[in-house]
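Q: Handing you a structure now.
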Amino acid sequence: MSDSEGGAVAPGRIAATPQLYVVLTRVPRRTTIRVGALGAVAFERGWYAYVGSAARAREARGARHLALEKPLRWHADYLFTAFPAGRAWLVDGATGECELAGALAALPGAERRPRRFGAGDCRCAGHLVRFGRRPLRRDLAAAAHAAGAPERGAVRAFGRRPAVS
């Protein structure tokens, strides 16, 4: 058992409630970027919400995704280096990142794209969801609730990338 970014849970231990987060970025034009083992990946114009989890230090993981400079380790790093993430939310109570990504993809105008993005340690369609319009906090809250989170208070704004001067 592991978290979405490769952190292992010790054998014989029960995994705690998933420590989920969602990071948002905008791709302003159709672009192809090289994404680690996935190779060349085409990203259509739109808003992208990446669903991740962390076994511990969720805030640090979110801050890492918002940072402009970082080593390229995970699929999301390649996307957020090309198109810096601008917003993040912490999500409490949802069943897991695969379920949350699926619930986000079920929202009107959303789709999981590209396939398998961020899903190196699971068998779901991927943890990146593309939207034609910017998703709002209420959209994330509805998806979180559909994925098992409480109806209220499950989605909290975490941070924004500082403006570049």
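Q: Springs between alpha-carbon atoms under 10 Å, Gaussian network over the chain: tell me which of Arg73, Arg112, Arg45 tops the mean-square fluctuations.
A: Maximum among the listed residues: Arg73.
Q: If you add up the charges near Leu38, with Lys and Arg at +1 and Asp and Glu at -1, over every other residue whose beta carbon is less than 10 angstrom from its beta carbon, what do you get?
A: +3
Q: Express the relative contact order of the chain as a whole percentage, based on alpha carbon pairs under 8 Å and six or more residues apart in sequence.
A: Working: 352 pairs, mean separation 42.9, N = 165.
Worked out over the chain, it gives 26 percent.
Q: When the Kirkwood radius is taken over all Cα pairs of the range 14-165, what Stokes-Einstein diffusion coefficient follows at 37 °C and 0.692 mPa s, in µm²/s?
A: The calculation lands on 216 µm²/s.
Q: With each label point set 7 Å from Cα along the Cα-Cβ vector, what nm distance links Lys70 and Arg26?
A: According to this spin-label approximation, the distance is 2.1 nm.
Q: Still on this structure, please answer the following. List the chymotrypsin sites (Phe, Trp or Tyr not before Pro) within the range 35-67 that fall in a DSSP loop (any state other than H, G, I, E or B) and whose Cβ has at most 12 other Cβ atoms within 10 Å.
A: For chymotrypsin sites (Phe, Trp or Tyr not before Pro) across the range 35-67 that sit outside H, G, I, E and B with at most 12 neighbouring Cβ atoms in 10 Å, the list is empty.
Q: Please give the charge dipole size of the range 88-165, origin at the Cα centre, charges +1 on K and R Cβ atoms and -1 on D and E Cβ atoms. Round to the nearest 20 debye.
A: 420 debye
Q: Quick check: Cα centre of the range 59-107 to Cα centre of the range 18-32, how many Å?
A: Between the Cα centres of the range 59-107 and the range 18-32 lies a distance of 7 Å.
Q: Further, regarding this structure: Quote the charge dipole size of the chain about the Cα centre in Debye, to the nearest 20; the model charges only the Cβ of Lys and Arg (+1) and of Asp and Glu (-1).
A: That gives the chain a dipole magnitude of about 560 debye.
Q: Further question: What are the ³J(HN,Hα) couplings of the range 125-138, residue after residue, when phi is run through the Karplus curve with 6.51, -1.76, 1.60 and θ = phi - 60°? Round to Hz, x for glycine and proline.
A: Listing the rounded values in order: 5, x, 10, 10, 10, 9, 10, x, 10, 5, x, 9, 4, 5 Hz.
Q: For the chain, with all protein chains present and a 1.4 Å probe, just round the carbon and sulfur fraction of the accessible area to a whole percent. Mind dumping the intermediate values first?
A: Values: 4400 of 8570 Å².
Solvent-exposed carbon and sulfur of the chain make up 51 percent of the total.
Q: Given the peptides 58-69, 81-92, arrange them by the average over their residues of other C-beta atoms within 10 Å, most packed first.
A: Ranked from most to least packed, the peptides come out as 81-92, 58-69.
Q: May I ask you to order 149-160, 97-108, 121-132, 28-39 by the average number of other C-beta atoms within 10 Å around their residues, highest value first?
A: Values: 149-160: 15.4, 97-108: 21.6, 121-132: 19.7, 28-39: 11.8.
Result, highest mean Cβ count within 10 Å first: 97-108, 121-132, 149-160, 28-39.
Q: May I pose another question? Among Ala101, Gly148, Tyr78, flag the residue with its Cα farthest along the positive direction of the charge dipole of the range 71-165, charges on Cβ as +1 for Lys/Arg and -1 for Asp/Glu.
A: It is Tyr78, whose Cα lies furthest towards the positive end.
Q: While we're looking at this one, here's another question. Just checking the chain: which Cys have no other cysteine's beta-carbon under 4.7 Å?
A: Cys122
Q: In square nanometres and to one decimal, what's the mean projected area of the convex hull around the Cα atoms of the range 94-165?
A: 5.9 nm²
Q: Additional query: Kindly provide the Kirkwood hydrodynamic radius of the range 62-127 in Å, to one decimal, from all pairs of distinct alpha carbon atoms.
A: It works out to 13.0 Å.
The values are calculated or read from the model by the stated rules, or taken from the named source; none is laboratory data. Every value quoted in this text rests on a predicted model; they were computed, and no experiment measured them. With ideal geometry, Cβ positions are generated from the backbone for all residues, glycine too; neighbour counts draw on all protein chains shown. For the accessible areas, the whole protein counts, side chains as well, though only heavy atoms, and no ligand, DNA or RNA atoms are used. Shrake-Rupley method; radii C 1.70, N 1.55, O 1.52, S 1.80 Å.
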